[in-house]
Every structure is written in structure tokens, then in C-alpha cells.
Amino acid sequence: MIGALMTVGAAQGAAQTEDDFNYSNERFADLQMLRYKVEGFDQLTLKQKTLIYHLQEAALWGRDILWDQNGKYNLTIRKALENIYTHYAGDKNSEDWKAFEIYLKRVWFSNGIHHHYACDKFEPGFSEKWFREQLKIVKGLPYSNDEICNVMFNPQVMAKRVNLAEGDDLVKTSASNYYEGITQAEAEAFYAKQKAEGDSIHPVMYGLNSRLTKTKNGDFIERTWTSTGLYGEAITKIVEHLKLARPYAEDAQQQAVIDKLIEYYDTGNLKAFDEYSILWVNNTEPLIDFVNGFIECYGDPLGLKSSWESIVNFKDLEATKRTETLSKNAQWFEDHSPVASEFKKDKVKGITAKVIKAAILAGDLYPSSAIGINLPNSDWVRAEHGSKSVTIGNLTEAYNKAAKGNGMLKEFAYSDEEIAIIEKYGDLTDDLHTDLHECLGHGSGKLLEGVDGDSLKAYGSTIEEARADLFALYYLADPKLVELGLVPNAEAYKASYIGQMQNGLLTQLVRINPGNNIEEAHMRNRALIARWAYEHGKGRESVGSMGEPPIDIIELVKRDGKTYVKINDYHRLRNLFGKLLAEIQRIKSTGDYEAAKNLVENYGVRIDPELHKEVLDRYEKLNIAPYKGFINPVYDAEKDNNGNITDVKISYNEGYAEQMLRYSKDYSALPLVNE
Ligand code: ZN
């Protein structure tokens, strides 16, 4: 489960700090490219650098898997676009060319032709006639030019990568490549049957690593992603580099992790994946760690099939003290949460939490990345073996550094007092929010016996993210955090409350096009929390616990035609967060689908068009990109005459287009069509 991106609306105001590292890179469409600094890499031992080197190679080889998972024409279209991009001899000042360049950069960013976050298909800004002219020079494409143009230019074809609109056949209407010739009802029945027939105590994650399709005779068949199955050419390369990394593993346990991962990639056996997850979650000693595999299921409208991703990282020892303090006290937090006792864990199991530095981002974590990760995702593995929770410190740092002084905070904050609080505490409480969300929030609570972890279906991801966020929000204001020395005083948490309410009610709307609903799980969750609190904080419902008179806990204030969020009582707002947390935990623990649906549909989806327009107008004037992503550093291995690595050098000079073209050239193992 990936961490919330809190970068819109919070912590964006402090003065420019001095740092000669260039965090901000090029800007196009709704995107801003950033660089992240891998501080401390040069101080690692040669063995550690070599391990990272091989693991980042294993990471980069998986790229094309994700491209194909995101849509079956993606690799073909990328090849066509890159060919045109590198061989174009026409007028580079023409509008068509300029629009083409932006389109390609967006496709690169999204690993396909749909927006990475909103999931809508990109509308090319160049003419189809111009494009067809350019396409003539491209040879060796598996589809006709008519078919390619139809996919790119016809708005009706593959309109959404992931469609979550209630009432639609979500499988048929989603362009992602996880099902072929299958209806939603068929897919649901297929996996319900697997589940019913399988081990109910230790169920594997059914459907996780395959495409579901039908044979010519109409029988269902899972095309498994293994080194000899679908995507085998890329997986073979990944395995090859995992084998090269193995001798440099930091301990025997980490070697066992790598061995098990290879076994899983070779066999596709989901039991082996669970065994791998257990080995991985228990391997907490090494400085260097990595994720490489089919992990998150946000790309599948049914939430079963996982997209490929990888991150290689090492521990930030200083910052990890913060998360260690939280995980040491995990049981205290569980015991004192406002959740009904029957839904609490009697014994919170081994939550390990650390702050890490990303060394490479790949697959579904590149270029757009989460800033926190909590894995594994299997419910029973988490319950019996715990989970690993990380905050990616150097990405947060890059976001914060790039956002200083961009005008966002000034535009949307209600008062100078709020600005002062956010400038003073915003970075700290953002980090703590992520820590609490990942290492305590997702790990807290339990399902009642016999409740299926997938009962909430399409609403499951939103409810789960809301649960983790509310846990964080509730505890950010707890005196325990002052006592533990994690916040300097009893006021700091206000920065996160302002950020949450502003973001959920106003600023996150900048990521959505006019007329659209909120779709993405993390965004739905933030809207749900903020709007629910706003509604339930009105007038008589808000009587204080000591019988204080009712007030509006949160107000939407209009000033000069602009809407501001004003928090009138932080303490009572905290109580509201606690109340909602208790309800959301009840929904999760009992698998109350109807209640989940009502909460999400009532508070998390629709947008008031007038308010939306106002927010977009204000935002446009600031000229900030709503989405950010990262250019990876480059690792060069220096070798002696025998081919042994003698040093690994890191550099940050590669440009965005340059990096994308290099990856396409050097790390493409898959055919254009994977069937
Ligand atoms: Zn999360």
C-alpha cells in the first residue's frame, strides 16, 4: 500500500533555502520533473555499492512489463513515437511538433497513453494528418497505422486505463491489460471460486500475477507472468541481475530472500510469493533493501492483479530513529485508539519502520513515486508476520525543496497565523503523517473472524487509505507525540490539520479536470475525510465533550470571491477524526460493503463544479505543475580487466528525454505484442 502524497496544499511556503543541488528540472503539461539526491551513496562500501548496482539493473529491466500492463498498444506506440522523435527532420518550430514533443513526454511519464493519475487517455495536440505523415518512416510495427491512429485519436477507444464508475462493466471498460475477452462478472466469479476452494486461513493473493483470458474453446486461462510465461523475456533479465546481486547480499537471510524471489519468478507459484514476503519482512538488519515484483493492485479495477515495480534503497540511520520510536510504541497506539476494542489487535506484530533513501525508482514507482510504502499486502502475512513500513526521505526532501515559495500556501491559507504554523511545522508533520500512516495506520486493527479481506471490493482501497490517514491525523494531535519527543510542542500538529482540510476540501481539486469526478483512491480518501468532518462539524452536532456550546468546527469562508478553509476548533476536529476512524475501522473489520459505498459515494467522489472552477482559476495563476515525478540518477560501474567491479559512480546529469530514450534502448526485452 502506498503512502499519501501530501505535497499539494501543505508545507509550501518557507523561503528558498540554500542548496546547490538542482532539485527542479523541466516542466511540461501538468508535470514537473524533479531530481532526488542519494546522499551517502559514496560512503557505502564497495560490496554495498555493487549490490545496489546489480539490483538497480534488475529494477530497470522490468520497465516494459508495466508498459504492457498499462495497455496492450503502449509498447508499439512508444516505439513509433520514439522513432519519430529521433528521426524527425521537419520544422521543429511547428505547432504539431511542439505538441508531439509534449505528448511523448507525457506518455513516457505515464508509462503509456493514459494519464498516470487520472487514468484518462491523452488527447494528442497534433493533427492526425501530420502524425500519419510521420508514421510512414516507422518500420516494423505489429499493428496497422489505422489501428494505431484509432487507439491514439479516437476518444471512444480505450478511454480510461482504470474505470471505477459504478454500474459499468469495470473490466470491459478499463484499458489496462489484465483481462482479455472477459467480463467483470466472469472475472469475479472465477476468483470467487478459486478463493472458496483454497486455503481460507492462509490464502494466496489470487490472480496477482497473471492475465485472465479464455482459450479458443472458451475455457478460462490464467497467463502467468514468469520467466518462461508471459513477460518471460523481461523477467529472465530481472532474474539474471538478481543472480549477479546475490553474492553481494548483506547477510544470509537476504540471500534467501533473493533465492525465493527467483524461485517465484521462475514458477509463478503464489505460495512461493507468500514465502518470499515472509522472508523479506523478517529481513530487517541490512542497510540496503529492495522491492522487485508485482506489488500494488491500483491498476486493476477489481484490485486483484498487480503492476510491476521496483525500488532499491538504503536506510537513513539518523531519520530512522523517528520511526523506530513509533514502532516501539505500536502497542500503546493500538490500545489507545478510538476504535472499538473488538476490532483492535491484541498484539501488534513486528511493525518495522524506517526512513530510507531511494537509490533507483522503476516500474510503477517511476517517474511518479509514492513517498511511503508499507508491504507486504497480504492480510494474513501482515497479521502473522508484520509488515515493513518505509518513508522515502530523499523524495520528500526533493518535493519540499522544489515547492518552497511557489505561492500555493499564500493563495489558499486563511490567515497569516496559519502560514506561520505551516512554515514552522509543515515539513515535520508531513513526515510524521507519512510515518504514522505507514507504520501504524495500515498495520492497526483486525478483521473479525470469517470476514473476507476483499469484501469492500472497489471501495476497499479508499477505505484502507482513509483508515491509515485517520490513524495518523488522530495521533498527530496526541500529547504522546510530545512526550516521545517527536513534535516540539502541543501546537505543531495544527500544520497537518490545516493541510488535510485545505487539501481535502480545496487544493487537491487542482489535479482534476473540470467536469470529472474524483477517482483515485488516495484522493477519494482525502476528500472523504475532509468533507465528512466539515459536514459533521456543523452546528449542533459539534457540541464539545465538556458541554461547550455548538459551533461550526470548520468553516468555508468567502473573501473577495475566494473560498478559504477556517478551522475554529482543532481539538473538536481531532474528536471528529477519531469518530470517523472508529466507523471506518468498523466497516473494514466487519466488511460492511454498503456502509463503505455510502461513505465513499457521498463524500469522496463528486465535486461542486463552481468551487472546482474557482480553485482551478486560482491555481492556474500560480503556474505550478500539479504532478511531479523523478529523473533517476545514473550508476556507472568501473571494472578491472577481469570484469570485476572496482567502484560504482553516481551522477545526476542525465536529462529526462535522454533517460527515457536510453531505457528504451538498453532495457527493452519484450516484444511489442505480448499475448
Ligand atoms: Zn497507504
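Given segment 116-275, what percent of its DSSP beta bridges are antiparallel, to the nearest 5?
Close to 75 percent.
Stretch residue 284-residue 153 to full length: gain in nm at 0.36 nm per residue minus the Cα-Cα span?
Using 0.36 nm per residue and subtracting the Cα-Cα distance, I get 42.3 nm.
Could you please rank 115, 433, 522, 202, placing first whichever residue has the fewest other Cβ atoms within 10 Å of its Cβ?
Least crowded to most crowded, the residues run 202, 115, 522, 433.
Can you give the extra length, in nm with one decimal, that the chain gains between residue 579 and residue 26 once fully stretched, where that is 0.36 nm per residue apart less the Cα-Cα distance?
Result for the pair: 194.7 nm of gain on full extension.
Counting other Cβ atoms within 10 Å, keep those with at most 15, restrict to DSSP loop, and tell me which trypsin sites (Lys or Arg not before Pro) in segment 587-662 are left.
Passing both the DSSP loop test and the Cβ count: 606.
Using 0.36 nm times the number of residues separating residue 558 and residue 194, minus their current alpha carbon distance, what extension gain do you get?
This chain segment gains 125.6 nm when fully extended.
In whole Å, what are the Cα extents of the chain along the three principal axes, biggest one first?
Here the spans come out as 75, 57, 57 Å, largest first.
When the expected Rg is taken as 2.2 N^0.38 Å, what fraction or multiple of it is the alpha-carbon Rg of segment 526-637?
After normalising by residue count via 2.2 N^0.38 Å, the value is 1.44.
Calculated FRET efficiency, residue 651 and residue 220, Cβ-Cβ r, R0 56 Å, to nearest 0.05?
Working from the Cβ atoms, E equals 0.70.
Could you name the aspartates and glutamates in cross-link range of residue 410, using Cα to Cα under 13 Å and dropping any fewer than eight places away on the same chain?
Excluding near neighbours in sequence, the set is 418, 423.
Just grab the label-to-label distance for residue 606 and residue 482, each label 7 Å out from Cα along the Cβ direction, in nm (one decimal).
So the label points at residue 606 and residue 482 sit 4.2 nm apart.
How would you rank 589, 310, going from fewest to most other Cβ atoms within 10 Å of each one's own Cβ?
Taking fewest neighbouring Cβ atoms as first place, the list is 589, 310.
What are the ³J(HN,Hα) couplings of segment 413-427, residue after residue, when phi is run through the Karplus curve with 6.51, -1.76, 1.60 and θ = phi - 60°? Round to Hz, x for glycine and proline.
Result, ordered by residue: 6, 6, 9, 5, 4, 4, 4, 4, 5, 5, 5, 6, 10, x, 4 Hz.
By counting other Cβ atoms within 10 Å of each Cβ, how are 144, 378 ranked from fewest to most?
Placing the least packed residue first, the sequence is 144, 378.
What is the ratio of the Cα radius of gyration of segment 67-139 to 2.2 N^0.38 Å, where N is its residue count, to two decimals?
1.07
Could you work out the pair-distance distribution P(r) of segment 542-607 from its alpha-carbon pairs, with 5 angstrom bin width and percents rounded to whole numbers?
3, 14, 16, 17, 19, 17, 10, 3, 1, 0
To make sure I understand the rule: partners must be lysines, Cα under 30 Å from the Cα of residue 139, and not fewer than 8 residues away in the same chain. Which ones qualify?
Qualifying lysines at Cα under 30 Å: 72, 79, 92, 98, 105, 121, 129, 160, 237, 665.
Taking every pair of alpha-carbon atoms in segment 157-256, what share in percent sits in each 10 Å bin, from 0 to the bin with the longest distance?
Bins of 10 Å from zero give 13, 30, 31, 18, 8, 0 percent of pairs.
All of the numbers you see were taken from the coordinates with simple rules; none came from a lab. Values in this document were obtained by computation on a predicted structure and should not be read as measured data. FYI the Cβ positions are ideal-geometry reconstructions off the backbone, even for glycines, and counts take in every protein chain you see.
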